[in-house]
Structure formats: structure tokens, C-alpha cells
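All remarks here apply to the structure that follows.
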Amino acid sequence: MSSGFIRQPMGILGGTFDPIHHGHLRIAIEIYEQCHLAEVRFIPSALPPLRQSPLANADLRLAMVKTAVQNITGLTVDDREYCQTGTSYTLNTLQSLRRDYPETPLCFIIGMDAFINLPKWYQWQQLSELAHFIVIQRPNYVLPSSTPLKTLLARQVNTPQALVKQIAGLVFIANVPLCDISATRIRKHITAGKQLTGLLPNSVLDFIQTHQLYLQTNDRTIA
Ligand code: ATP
């Protein structure tokens, strides 16, 4: 980590995006504006760890992300996880970004559901050496009072301005409106033949219909 320079931070939103939805787009836009980021990069996971296989294949999920973010100021797509073989670990992705951008504050944007589970991620303690965390509240997920994340949370800052002072290592819990949309809920709605208005962009909806995605679901959770 270094200090004493100012470079506009970059936001990173990793995910399965099975499919991408308005929850993803809203948090990216809110954080882009609130934290004055240079951009928010969507980085779809080709082969995500820690979850059952996505229903849509990696190429289709990438195509949906591209169609959703096109023409939205500040949002971009990065397909670097598609160039790696094997499981897409966030550690490898952040190391690769750090090589490309040695002096840029990197801000890994993460929903509270995923943040709570961070200690299960591969080499999770190294992640904060590579990036800051911007945590987004999510309905029904509350940070437990006792958590292995305690040492990381000791580096919590209260304003996004702090994120430009060093390139990694801080946690900012952002105040953005709660958005009760999940990909699980969308997949279940499609399988059940329910309406999707307001949950995802029309371009993604058209893509899903053209490719006949999610007509069957293997989700075990309640959305
Ligand atoms: P699934 O329901 O399949 O688990 P998801 O909707 O959580 O999918 P992911 O692609 O797994 O979508 O999410 C990528 C990142 O975006 C994660 O950090 C997740 O916590 C965050 N995220 C997704 N939806 C929201 C939301 N509505 N509010 C806040 N964060 C969200």
C-alpha cells in the first residue's frame, strides 16, 4: 500500500450475473456517483466457486452483462476471468487488476450477503491487501456482532473520500437505498411464468427470451 498520491478510484463489481438485474445496475450507479469513481467494472465470473453451477453458461452471462451496461455512463465490462482456466477466484482477479493498475485505488463492491460470507473465500485475508471493500446493505442480511471480519472492519472509514488516500485496505459501508432484487428471485419468476417488469433491463429480458433461459430452475433457496 502507498499514500501521498491521488488517482481516481476504480470500482469492481464481481458476480455470477445469472442474470444481471436492476439491483446490480442501481448499486453500481449509486456507488459510481457517491464515491466519484473513474468507472465501475463489471467482472462476470466464468466459473464461480462456492455455489452451484450457474444455469446460464458463461458466454451467455457475459453477453447479458454487456447488453445491460452498454450506454450507461461510468459502467464497463471486463472479461478477464474468461481468459483464466479453472475456478474464478477473486484473489486472482484482483492480483491481475493490481498488476495493470499499480497506483489506482481499487474498490471491490460487495453486497452484505456476500461480505458476511467473505471468510469462506479463497485466501480472503489477502484481498484487502489488493483492494478496498465497499459494502452494500441488502434486505434480510445483517452483519453478525461476532465475525472473523472484525479485524477488517477495524479499518472501516465513514466517508468515500478516505478511499483515495491509499490504494487498498479500507472498508466503507455505503448508504444506498435497499433494493430487494436477486437473480434467484428472477430465475424463479421466469420458471413460474410471472411478470418481470421492473426487475431487469428490457434488453436482458429479450436476451433471456431469445435464448429460452431459466425455463427450469435448480434453485433450492426461497427468493
Ligand atoms: P443469486 O440470487 O443468484 O445469488 P445475486 O442477485 O446475489 O445472485 P450475484 O451475481 O451473485 O447476484 O451478485 C454479485 C454482487 O452483487 C454480490 O456482491 C451481491 O451481494 C451483489 N448484489 C446483487 N444484488 C444486490 C442487491 N439487490 N443489493 C445489493 N447488492 C446486490
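The values are calculated or read from the model by the stated rules, or taken from the named source; none is laboratory data. Nothing here was measured: the structure is a model prediction, and the numbers come from that model. Neighbour counts are summed over all protein chains in view; Cβ atoms, including those assigned to glycine, are modelled from backbone coordinates with ideal geometry. Only protein heavy atoms, including side chains, enter the accessible area calculation; ligands, DNA and RNA are left aside. Shrake-Rupley method; radii C 1.70, N 1.55, O 1.52, S 1.80 Å.
Using Cα centres only, tell me the gap between segment 123-150 and segment 24-48 in whole Å.
Computed from Cα coordinates, the inter-centre distance equals 17 Å.
For the chain, give the percent of accessible area contributed by carbon and sulfur heavy atoms, probe 1.4 Å, rounded to a whole number.
Working: 5400 of 11140 Å².
The nonpolar share, carbon plus sulfur, comes to 49 percent.
In nm, to one decimal, how far is the modelled label at Ile72 from the one at Asn140, with both set 7 Å along Cα→Cβ?
It works out to 2.3 nm between the two label points.
Which value, in debye to the nearest 20, gives the size of the charge dipole of segment 1-126 about its Cα centre, when Lys and Arg are +1 and Asp and Glu are -1 at the Cβ? Let's see the in-between values first.
Details: 10 positive and 11 negative charges, 38 e Å.
My answer is approximately 180 debye.
Along each of its three principal axes, how wide is the spread of alpha-carbon positions in the chain, in whole angstrom units, largest first?
53, 37, 34
Sequence gap at least 6, Cα distance under 8 Å: using those rules, report the relative contact order of the chain to the nearest whole percent.
Working: 376 pairs, mean separation 57.4, N = 223.
Contact order relative to length: 26 percent.
With a probe of 1.4 Å, find how much accessible area the chain has per residue, and write the answer as a whole number in Å².
On the way: 11140 Å² over 223 residues.
Per-residue value: 50 Å².
Any idea what Rg and Dmax come out to for segment 117-223 if you just take the C-alpha atoms, in Å?
18.2, 49
In the chain, what is the count of Lys pairs whose alpha carbons are under 25 Å apart, counting only pairs at least 8 residues apart or on separate chains? Walk me through the intermediate numbers first.
Numbers: Lys66/Lys188; Lys66/Lys194; Lys120/Lys150; Lys150/Lys165.
Close lysine pairs under the 25 Å cut-off: 4.
Within segment 75-111, report the trypsin sites (Lys or Arg not before Pro) that DSSP leaves as loop and that have at most 15 other Cβ atoms within 10 Å. It would help to have the intermediate numbers written out before the result.
Details: sites: Arg80, Arg98, Arg99; in loops: none.
Sparse-neighbourhood loop trypsin sites (Lys or Arg not before Pro): none present.
What FRET efficiency comes out for Gln166 versus Asp206 if R0 is 45 angstrom and r is the Cβ-Cβ distance? Round to the nearest 0.05. All intermediate terms of the calculation are to be shown ahead of the outcome.
Numbers: r = 43 Å, r/R0 = 0.95.
Efficiency for this residue pair is about 0.55.
Got the relative contact order for segment 58-136 handy, in percent, Cα pairs under 8 Å and 6 or more residues apart? It would help to have the intermediate numbers written out before the result.
On the way: 52 pairs, mean separation 23.2, N = 79.
For segment 58-136, the relative contact order is 29 percent.
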